[in-house]
1. Can you confirm whether residue 92 is assigned to a loop (DSSP other than H, G, I, E, B) and either touching a residue at least 24 places away in the same chain (Cβ under 8 Å) or on the phi < 0 side of the Ramachandran plot (or both)?
2. Any idea which residue in the stretch 58-79 is surrounded by the most Cβ atoms within 10 Å (Cβ to Cβ), counting only those that are assigned to a strand (DSSP E or B) and touching a residue at least 60 places away in the same chain (Cβ under 8 Å)?
3. Of all residues in the stretch 86-112, which are within 18 Å of residue 34 (Cα to Cα) and under 15 Å from the mean Cα position of the chain (by Cα)?
4. Pick from the stretch 155-174 the residues that are buried (at least 17 other Cβ atoms within 10 Å of the Cβ) and under 11 Å from residue 114 (Cβ atoms): which of them is farthest from the chain's Cα centre (by Cα)?
5. Check whether at least one residue in the stretch 94-107 is surrounded by fewer than 18 Cβ atoms within 10 Å (Cβ to Cβ), under 21 Å from residue 193 (Cα atoms) and at pLDDT 95 or above, and report yes or no.
6. Buried (at least 19 other Cβ atoms within 10 Å of the Cβ) and touching a residue at least 12 places away in the same chain (Cβ under 8 Å): is that true of residue 116 in this structure?
7. I want to confirm something. Restricting to the stretch 23-35 and keeping residues that are in contact with a strand residue (DSSP E or B) (Cβ under 9 Å, 6 or more places away or on another chain) and over 19 Å from residue 162 (Cβ atoms), which single residue is surrounded by the fewest Cβ atoms within 10 Å (Cβ to Cβ)?
8. Considering (1) surrounded by 14 or more Cβ atoms within 10 Å (Cβ to Cβ); (2) in a helix (DSSP H, G or I), say which one residue 193 fails and leave the rest.
């Protein structure tokens with residue numbers, strides 16, 4: 001089962017949070033490390049949710065996705081301090097970790113591969129390390145987005161996608177948006193079946 005539906009105004013308190021990880025600033029826009037930002041931006045655009053509020057070290061917006069009142073978040077702390085923003089918003093809106101979906105890049109997955117997990121370790125990802133530390137648990141769902149692995153790790157995550165890779169990424173963005181909607185409307189298991197089989 002999914003979340004309790006909110007069929008009234010989106011000003012109602014959100015029942016879930018979807019966080020896209022990345023680094024703020026034009027110099028990082030379009031890099032592999034910022035694919036979480038891109039997915040949240042795509043979801044916000046598809047649902048007409050303006051990410052216009054700047055508070056709690058985040059840029060965020062609240063609106064309806066699959067009938068649920070949700071806060072969509074881009075932390076502005078830089079990747080390795082993402083947990084500060086996530087924990088602040090979780091406290092503010094009284095959202096439990098298992099209702100926080102974190103979307104982030106993953107070098108251990110090939111480009112285009114998606115994997116939704118209910119919980120897990122950081123896998124060496126600095127954003128997840130910070131979130132686990134600040135929330136005090138690793139039991140929050142996360143959508144891992146494959147960016148492949150090539151050469152030096154830091155250089156790779158901060159590099160931009162080639163035109164050919166961008167073509168693949170457009171499919172990833174649309175499928176991720178659909179998966180986030182499914183997570184809210186039908187629950188984690190159905191979202192996993194959809195995303196993890198891609």
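The values are calculated or read from the model by the stated rules, or taken from the named source; none is laboratory data. Computed from a prediction, not measured in an experiment: that's the story for all the values here. Note: ideal-geometry Cβ built from the backbone for every residue, glycine included; neighbour counts use all protein chains shown.
1. Judged against the criteria, residue 92 is not a match.
2. Out of the qualifying residues, it is 70.
3. If the condition is that a residue be within 18 Å of residue 34 (Cα to Cα) and under 15 Å from the mean Cα position of the chain (by Cα), then 86, 101, 102, 103, 104, 105, 106 are the ones that fit.
4. 172
5. Within the stretch 94-107, one or more residues are surrounded by fewer than 18 Cβ atoms within 10 Å (Cβ to Cβ), under 21 Å from residue 193 (Cα atoms) and at pLDDT 95 or above.
6. Considered against the rule, which asks whether it is buried (at least 19 other Cβ atoms within 10 Å of the Cβ) and touching a residue at least 12 places away in the same chain (Cβ under 8 Å), residue 116 comes out as yes.
7. Applying the filter and picking the extreme gives 24.
8. (1) is the only condition that residue 193 fails.
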